Structures are given as C-alpha cells and as structure tokens.
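> Sharing a structure here in structure tokens format.
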Amino acid sequence: MAGGVPVLTRASALNIAEYEGKLTWYVIIVALIASAGGLLFGYDIGITGGVEAFEEFQQKFFPDVYNAKHGPEAQASTDPYCTYNDQKLQVFTSSLFLAGLVSSLFAGHITRHFGRKITMIIAALWFLAGAGLNAGAQELWMLVLGRVFLGFGVGMANQVVPLYLSEMAPFKYRGGLNMLFQLAVTIGIIVAQLINYGVQDWSHGWRLSLGLAAVPAFVLLLGGILLPESPNSLIERGHLDRGRHVLERLRGTTNVHAEYNDIKEASDTAGQIKLRDSWKAMFTRPYSPMLVVTCMIAMLQQWTGINAIMFYVPVIFNSLGSSKKSSLLNTVIIGAVNVVSTFVSILSVDKFGRRFLFIEGGVQMASAQIVTGVVLAKEFGADNKLPHGTAIGVLVVICVFVAGFAWSWGPLGWLVPSEIQTLETRAAGMSAAVTINFLFSFVVGQAFLTMLCSMRWGVFIFFAAWVVLMTFFIWFFLPETKGVPVERIQVKFAKHWFWSKWMGPAAQDVINRDETRTATRKAGQMEGAAPYPAAPAGDMPPRTVTADVA
Ligand code: BGC
C-alpha cells in the first residue's frame with residue numbers, strides 16, 4: 001500500500017523563499033479547468049430540484065407525484081407537505097452521492113498511480129455518459145443510472161481537480177484554492193438554476209437541463225487530454241526529467257531548483273507514509289481529536305439542512321402554493337445569494353477567523369430556520385397556499401439562512417477538516433471527511449421529502465436544533481486554526497481545554513516536541529536559515545487529498 005499524494009505545505013516547502021512563481025497562461029488555463037470540475041459538481045446539485053418541478057418530467061417519470069398535485073382527487077387527499085414525498089424522486093437526487101462516495105474511494109489510487117490527467121479524463125467520461133443518459137432517458141432506471149454515472153464523475157473530479165490545481169499553481173496562489181473550488185460549486189448551482197428557469201416552458205426542456213452538464217464535462221475532458229501532467233505526479237512516479245521540464249514551462253523560468261527539490265522531498269516523504277499507518281495514527285490519542293473534529297464537521301455540514309434547500313427548494317415553494325415559475329425564480333435568487341456570500345467568506349476568513357464565521361453563521365442559520373418553521377406553522381393555512389407577502393418573507397428568510405451557510409459551514413466545512421490534519425494523518429483524514437460528507441449528503445437527499453411530509457413545518461425546527469448543537473460544538477471544541485501552519489496544528493489541540501484531557505499524557509509530549517522544534521529552528525535562523533512565514537488561509541491540501549487504497 002502506497003502513501004497519500006504529496007502536497008507541498010509550509011512544512012514541506014522548505015525553500016519557498018527561492019521560488020520564482022509567475023502566473024503564466026498555463027496556470028490560468030488550469031484554473032479554468034478546475035472551475036469546470038467545481039461547476040460540474042454544483043450543476044449536478046442544483047439541477048434536480050428544478051426539473052422535478054417540471055410537470056412534463058413528473059408525468060413521464062414520477063406519475064404519482066404528478067397525480068398528487070393534478071390528479072382528480074388531488075385536493076382532497078394530499079397534504080401539500082407530502083406532494084413530493086416519493087422515494088423514487090429522492091433516489092433520483094441522492095444516488096449521485098452514494099456513487100460519488102464509492103468512486104472517491106478508488107479515485108485516490110488512480111490519481112496516485114496513473115496520474116492526474118487520466119483521472120480527469122475518466123471523470124469527464126463518466127460525466128459525459130451520465131449527462132447523455134439523463135438527457136436521453138426514457139425510463140426511470142436510465143435517469144437513476146445517469147445520476148450514478150455522474151456521481152462516479154463527481155467522486156473523481158472532487159478528488160483530482162483541486163489537487164491538480166494546487167500542484168500547478170505557483171505556491172503563493174495556492175492559499176485560497178480550496179475556497180475557490182467551493183465558489184465554482186456555487187456558480188455551478190446557480191447556472192443550473194438559471195437554465196431550469198430558462199427552459200421551464202419548453203417541451204423536453206428537462207432534457208436540455210440535464211444534458212447541458214455535458215458542456216463543462218467536455219471542457220474537463222479536453223483539459224485532461226491537452227494539459228500537461230502535474231510536475232508532482234511525474235516526479236512522484238519517477239519521471240524526474242519530465243517533471244522538471246513541466247515545472248519550468250509552468251513557472252516560465254529554468255530556475256525551479258528550489259521548488260523541484262521540495263516537491264521531490266515531499267514526494268519521498270509521502271511515499272513513506274503508508275495509508276494504513278495514516279489510519280492507524282488517527283485512532284491514537286495524540287491524533288484522534290483531529291479525527292473527531294474532522295468527522296463531526298463533515299457530518300454536521302450536511303445537518304445544517306443546506307441540501308434540503310439546494311436539492312429541493314423549487315419543490316418546497318411549489319408545495320407551499322407558489323407557481324412553477326415563481327418557485328424557479330426564488331431558486332435563482334437563493335442561488336445568487338449563495339454565490340455572493342461565498343465571496344464574503346473568501347474575503348473575510350483570514351480576518352475574522354474560522355470560529356467567528358462558524359458561530360455567527362450558526363446563529364444566523366438557526367434563527368432563520370426557526371422563523372421559517374414558525375411562519376409556516378402559523379400562515380400556511382387551509383387553502384394550501386402561502387399569502388403572497390408571506391411567501392416573499394419566507395424567501396427572504398431562506399436567503400438569510402443560505403447566506404449564513406455560504407460564509408460559514410459551506411467553505412469552512414471543507415477548509416477546516418483539511419487544515420487540521422497533520423502530515424501523518426492527512427491522506428486518511430481527508431478521505432474520511434469526503435466519505436462522511438457524501439454519505440450524509442445522500443442521507444439528507446434521500447430523507448428530506450419524507451421528513452417534510454411527516455414533520456411538516458417542524459422539519460425546519462429539526463434542522464435549527466442541529467445547527468444550535470453544532471454551534472455549541474464549534475464553540476467548545478474547535479480551536480482557532482487561522483494562520484496556524486500545518487506542523488503546529490497538533491499543538492493547538494494539545495493546549496485546548498478539552499482535547500488536552502482527551503490526549504492525556506500525550507498532550508505534554510506534543511507540546512514538548514514543539515518546543516524543541518521551535519528552539520532548533522530559532523537556532524537555525526540565527527545561523528541564517530530562512531524562517532517559516534505564517535501560513536495564509538488554506539495553506540493546506542485540497543479538500544480531497546487522496547486516500548490511497550493501493
Ligand atoms: C456542500 C454541498 C452544498 C454546497 C452548497 C458545499 O460546501 O458540501 O453539499 O450543496 O456547499 O453551496
């Protein structure tokens with residue numbers, strides 16, 4: 001079993017002061033490719049809710065849902081909260097995440113042993129197959145199989161694209177990449193929502209909505225074919241000369257010795273850290289606090305209920321009596337708030353820190369959910385329609401919720417798990433985060449419409465309760481990680497009021513080791529060695545540093 005994919009961090013980029021990193025055309029094209037990967041993920045999140053509200057689509061694939069709203073006994077028999085309560089509809093949405101979960105387990109192996117390009121090409125082919133099958137679907141099984149194919153693509157693209165991007169970009173541009181990927185996801189969501197809005201009255205418009213996922217997939221395919229392999233991947237697989245050559249072209253200079261040496265060293269080190277050891281280490285006392293926090297954050301991000309909104313907002317508004325057109329318009333507004341608020345996070349995360357954003361976002365989300373629940377309880381009356389003014393009010397409150405998510409748990413739900421991994425546990429830790437996140441995305445996708453039917457307005461209170469709990473969790477258990485270099489993360493936990501007790505005597509060992517290292521470094525600096533600069537936001541591996549299952 002080989003180790004995780006090497007990624008340069010502050011700890012491993014020893015010669016950073018000597019890098020000559022220019023922003024070349026190559027790098028810009030790479031960023032566009034990365035966007036295609038994020039866009040695809042977002043597109044697949046945002047597209048389903050809209051097409052599920054199309055009557056033609058319902059009639060063809062989900063006749064029970066159509067009849068519940070339009071059939072002869074519709075008004076008499078169906079509780080509006082239950083209009084869309086259909087297992088098959090939920091499978092259509094959520095199957096993608098189950099497939100993504102499975103493929104992300106294998107993607108690490110392919111990425112490491114066969115390279116980033118081939119992983120991108122395979123991901124793009126899955127996407128193209130999925131988009132084609134969905135666009136041409138005649139039966140429900142074709143729709144679901146298409147989603148499964150898309151899911152295989154998502155699992156791979158989420159793994160390889162941020163990694164590739166971080167390896168190709170000059171070091172100083174790597175900081176915010178994790179968050180830029182999240183931004184691309186939110187843009188993908190709104191693009192999907194806009195397309196749904198645009199084609200809502202077209203005959204077979206849903207085919208276009210589902211099929212257009214092929215456009216970014218094609219871009220990803222071209223990227224995979226035309227772009228060079230990453231220097232890290234080449235060096236790691238023993239193609240040292242080619243690796244150096246690509247690095248020179250990427251950086252626009254032949255003076256790449258310092259960076260080349262660092263990549264080589266990081267790759268050698270990662271080669272020694274076996275995934276099995278990485279997993280084992282995570283369950284030992286000195287490392288387990290970070291594992292617990294990683295898993296909790298990955299799971300709790302989905303219990304904010306964000307995907308109840310992202311997957312199903314058109315059907316929620318439709319259930320509450322809004323027309324298809326205004327439901328889809330509301331969805332677009334919510335998508336726009338999601339994008340803009342993600343920018344807020346990118347710009348402020350290093351100023352305010354992670355804890356502040358998490359806690360502020362939590363208070364905002366919980367308040368908005370409680371207001372939504374209470375308003376629905378009071379106002380959603382006998383005529384099965386929300387009064388117009390109230391519907392606008394609900395839209396505003398849902399926007400407040402989404403904004404809170406988009407500047408807190410959205411990006412931070414990925415950033416923090418990747419920041420709190422030590423070099424030893426990184427591969428296994430990030431793999432755990434992705435798997436858990438996808439698992440609970442699946443659970444929420446599969447359960448929400450049934451929960452809405454049985455809990456009615458109470459489902460918003462249910463998610464609010466989770467958000468309150470998770471906000472307390474952050475308050476008590478997450479040390480601030482802003483500006484903490486990777487090699488000092490563990491010390492943060494070792495000094496934390498709770499985790500220090502959890503670690504037991506190991507906490508003191510961690511602190512002692514850090515003090516020795518700091519003293520050695522200071523001595524080195526006095527002799528003229530370059531100091532470590534403070535780490536910028538996101539000085540970390542991308543969200544899916546691989547779990548290698550070789
Ligand atoms: C989450 C997704 C969610 C998206 C919304 C991401 O961080 O992982 O599940 O749909 O944010 O913008």
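The values are calculated or read from the model by the stated rules, or taken from the named source; none is laboratory data. Nothing here was measured: the structure is a model prediction, and the numbers come from that model. Here the Cβ is made from the backbone with ideal geometry for all residues, glycine too, and neighbour counts use every protein chain on show. Just so you know, the surface numbers come from the protein's heavy atoms only, side chains and all, with ligands and any DNA or RNA stripped out. Shrake-Rupley method; radii C 1.70, N 1.55, O 1.52, S 1.80 Å.
> Taking only C-alpha pairs under 8 Å that are 6+ residues apart, what is the relative contact order of the chain in percent? If you can, show how the numbers build up before the last one.
Details: 963 pairs, mean separation 149.0, N = 550.
Once divided by the residue count of the chain, the mean separation gives 27 percent.
> In addition: Leaving out ligands, DNA and RNA, and with a 1.4 Å probe, what % of the accessible surface on the chain is carbon or sulfur? Can you show the working numbers first?
Values: 13630 of 20290 Å².
Ligands and nucleic acids excluded, carbon and sulfur reach 67 percent.
> So which lysines can K385 reach, going by Cα to Cα under 19 Å and dropping same-chain residues fewer than 8 places off?
Of all the lysines, those that pass the test against K385 - Cα under 19 Å, at least 8 places apart if same chain - are K69, K324, K325.
> Separate question: On a full-extension model of 0.36 nm per residue, what is the gain between I511 and H70, subtracting their alpha-carbon distance, rounded to one decimal in nm? Present the calculation step by step, with values, prior to reporting the outcome.
Working: separation 441, 0.36 × 441 = 158.76 nm, distance 6.64 nm.
Net length gain for the segment: 152.1 nm.
> Moving to a separate point now. Suppose R0 equals 22 Å; then what is the FRET efficiency for H388 and K325 from their Cβ-Cβ distance, rounded to the nearest 0.05? Kindly include the intermediate steps, with their values, before the conclusion.
Numbers: r = 14 Å, r/R0 = 0.63.
Working from the Cβ atoms, E equals 0.95.
> What accessible area per residue, rounded to a whole number of Å², is obtained for the chain using a probe radius of 1.4 Å? Provide the component values of the computation, followed by the final result.
Details: 20290 Å² over 550 residues.
Roughly 37 Å² per residue, with all protein chains present.
> Which peptide among 299-307, 467-475, 234-242 comes first, and what is the full order, when sorted by highest mean count of other Cβ atoms within 10 Å?
Numbers: 299-307: 22.8, 467-475: 18.3, 234-242: 16.8.
Ranked by mean Cβ neighbours within 10 Å, highest first: 299-307, 467-475, 234-242.
> Around K274, which amide H atoms from residues at least 5 apart in sequence, or from another chain, sit under 5 Å from its own amide H, with H modelled in the peptide plane?
none
> In addition: Return the loop-located trypsin sites (Lys or Arg not before Pro) in the range 60-157 (DSSP other than H, G, I, E, B) with at most 11 other Cβ atoms within 10 Å of their own Cβ; answer none if there are none.
Details: sites: K60, K69, K88, R112, R116, K117, R147; in loops: none.
Answer in residue order: no site qualifies.
> Let me ask something else. What is the local net charge at F97, summed over the other residues whose Cβ is closer than 12 Å to its Cβ (Lys, Arg +1; Asp, Glu -1)?
0
> Under a crude label model (7 Å from the Cα following the beta-carbon direction), how far is S348 from R285 in nanometres?
Calculated label separation equals 4.0 nm.
> Work out Dmax and Rg for the chain from the C-alpha atoms and quote the Rg first, both in angstrom.
Considering the chain through its Cα atoms, Rg and Dmax are 23.9, 86 Å.
> Would you kindly find the accessible area of F114, with a 1.4 Å probe and non-protein molecules such as ligands, DNA and RNA excluded, rounding to the nearest 10 Å²?
Accessible area of F114: about 120 Å².
> On to the next question. Of M290, I334, V400, which is farthest towards the positive pole of the range 276-405's charge dipole, taken about the Cα centre with +1 and -1 on the beta-carbons of Lys, Arg and Asp, Glu respectively?
M290
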